[in-house]
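What follows is a set of notes on a single structure, which appears directly below.
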Amino acid sequence: MHDHTPTETARRLLTREEIADYLNATPRTVRAIIERREVPTVKIGRRVLVDVRDLDAYILANTRPANGDA
């Protein structure tokens, strides 16, 4: 049993263009991230999609702490 609807799942899956907007990155950077398999992908036909939750995990994993006294 699923705890989400197909529409909710579709809204979480982002295209390469949407990923670039989400990460404020270039399409070339997004292509490299996907090709290096730094994030899991979902392939539907010719479309390569990424779950926004996996992008959030990618951001957290690549976040460096600020140099501060805190």
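Coordinate-derived values only; no laboratory data. Please read these numbers as outputs of a predicted model, since none were measured by experiment.
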Requested in this report: Determine ³J(HN,Hα), in whole Hz, for all residues of region 39-45 in sequence, where each value follows from phi through the Karplus function 6.51 cos²θ - 1.76 cosθ + 1.60 and θ = phi - 60°; x replaces Gly and Pro.
Outcome: 9, x, 10, 10, 9, 10, x
Query raised in the report: So what are the ³J(HN,Hα) numbers for region 25-37, from phi and the Karplus equation (6.51, -1.76, 1.60; θ = phi - 60°), rounded to whole Hz, Gly and Pro as x?
Result: 10, 7, x, 5, 5, 4, 4, 5, 4, 5, 5, 7, 6
